[in-house]
Amino acid sequence: MMSNTVTLVFITFLASITLATPLTKRTTCGDNGSGYVAVSEAQDCVNYLNNKGTESCTVSGENTIFCTSGTTNIYGSNPNLVDSPTSLCRDVAAGAQAIIDSCSQGDTVAGSNAAGGNGDIIVSINH
């Protein structure tokens, strides 16, 4: 009987940890239904954001476009609904670079990833 009680307490404990832990994301490859974009345009945006260095990149509301090059956008989204999550622009660039490094298919790319060091901002490369 006691082992059942201990198991129930342990499961309840795990559930409370899971619910209290913010959503984080690893690199996910794929588009948002609008197709892949040019790697060269995505890289232009990564370079632009990286050059902004320690400037703040903030997501206002649920989504913000951090950079547009040609038909390519680098977005930031706010999956945890935190009030105006902010990262250094170079950390947003690092998240986007990981997408390019992991998700390129020839000269096209699409995907999403957490901003470097901040699971409150999900960076996406797509149209």
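The numbers here are math on the coordinates, done by the rules we state, and not lab data. Predicted model, so just to flag it, every value in this text is computed and none were measured.
A convex hull fitted to the Cα coordinates of region 24-126 yields 79 cubic angstrom per residue. In region 68-121, one over the average inverse separation of all distinct C-alpha pairs is 11.8 Å, which is the Kirkwood hydrodynamic radius.
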